[in-house]
Amino acid sequence: MKPAPIARDEEPLCLDDALRLLRHAGLTLPCRQDAGSARWLQAVIDGLCAIACRDPLTGLVNRRQLETALARELGRVARTGQPALMLMIDIDHFKQVNDTRGHAAGDLVLAAVARALQACIRPMDTLARSGGDEFAMILPGCPPASGSAIAERVRQQVRQCQVAIAPGQQAGVTVSIGGAFALQQADGSALLWMERADRQLYRAKSEGGDRACLETKQ
């Protein structure tokens, strides 16, 4: 008796679909002259991996990559003893933007905030869209004494944004920020680190928003 065929939940991704995804993402397509070569196929694979790691709207790394970066940074903190700061950043009154001006306007606000946040980070930092209207920053080598000033600079950078949501119409945007440090002597997982920063974010929102609240002790 022949073995039953293996059931597959999803159809394999065909090459045309892969190239279409790369084109839609605005990535440079592999040279057609090399089509079918090992170098060409590797370029397609690399492009698809880049798409899988990125949020399509903002171009920032996505939640999956954020979790990987958090675990990697905790390992670095344990090895070197240098602390790291995590900031959770949430757009104030974002639901109202979507409800009153539509999701297209909401997308413009998200993209504008992402650009403002990118202006605040160093090459070694990680900036991610963690979901919805929430972003996250991982700042290696950030001493606790500098945390409040850094968070405030981020908040002010976003506050200066004027988003063109329609012809002749601009809207300001503010964010609430919560922060927590990873320290060498502190035990904890990446999830716990994120939860601690989230608690501070909730505190900033509950105090009226447009402010930064950082954890003062473990």
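The values are calculated or read from the model by the stated rules, or taken from the named source; none is laboratory data. No experiment lies behind these values; they were computed from the predicted model shown. For neighbour counting, all protein chains shown are included, and Cβ atoms are generated from backbone atoms with ideal geometry for every residue, glycine included. These area figures cover heavy atoms from the full protein model, side chains too; ligands, DNA and RNA do not enter into them. Shrake-Rupley method; radii C 1.70, N 1.55, O 1.52, S 1.80 Å.
Of the residues in segment 140-158, how many are open to solvent by 10 Å² or more (accessible area, probe 1.4 Å) and not polar (S, T, N, Q)? The qualifying residues number 10. Of the residues in segment 55-68, at least one is open to solvent by less than 70 Å² (accessible area, probe 1.4 Å), of a type outside the set (A, V, I, L, M, F, W, C), modelled with pLDDT of 85 or more and part of a helix (DSSP H, G or I). Identify the residue in segment 122-135 that is closer than 22 Å to Gly209 by Cβ and aliphatic (A, V, I, L, M) and, among all such residues, is surrounded by the fewest Cβ atoms within 10 Å (Cβ to Cβ). Applying the filter and picking the extreme gives Leu127.
As a summary of the residue check, Ala116 satisfies the conditions (1) open to solvent by 30 Å² or more (accessible area, probe 1.4 Å); (2) not in a strand (DSSP E or B) except for the one numbered (1).
Close contacts from segment 181-205, counting a first residue that is acidic (Asp, Glu) and a second that is not in a loop (DSSP other than H, G, I, E, B), with Cβ to Cβ under 6 Å and a gap of 6+ residues or different chains, come to Asp198/Met88.
Reported count of residues in segment 177-193, each being open to solvent by less than 40 Å² (accessible area, probe 1.4 Å) and more than 20 Å from Ala145 (Cα to Cα), is 1. Mind checking whether some residue in segment 100-110 is β-branched (Val, Ile, Thr), under 11 Å from the mean Cα position of the chain (by Cα) and either modelled with pLDDT of 95 or more or within 20 Å of Gln157 (Cα to Cα) (or both)? No, every residue in segment 100-110 fails to be β-branched (Val, Ile, Thr), under 11 Å from the mean Cα position of the chain (by Cα) and either modelled with pLDDT of 95 or more or within 20 Å of Gln157 (Cα to Cα) (or both). For segment 123-178, the set of residues classified as part of a loop (DSSP other than H, G, I, E, B) and over 20 Å from Gly75 (Cα atoms) consists of Gly132, Asp133, Gln160, Cys161, Pro167, Gly168, Val173, Thr174, listed by residue number. Would you confirm whether or not segment 207-214 contains a residue that is at negative phi, in a helix (DSSP H, G or I), surrounded by fewer than 21 Cβ atoms within 10 Å (Cβ to Cβ) and within 22 Å of the chain's Cα centre (by Cα)? No, segment 207-214 has no match at all.
Taking residues in segment 153-166 that are at pLDDT 90 or above, and partners anywhere that are open to solvent by 60 Å² or more (accessible area, probe 1.4 Å) and assigned to a helix (DSSP H, G or I), the pairs with Cβ atoms closer than 6 Å and at least 6 places apart or on different chains are Val163/Leu108. Quick one: is Gly172 in contact with a strand residue (DSSP E or B) (Cβ under 9 Å, 6 or more places away or on another chain), at pLDDT 95 or above and closer than 26 Å to Ala105 by Cβ? When the stated conditions are applied, Gly172 does not pass them.
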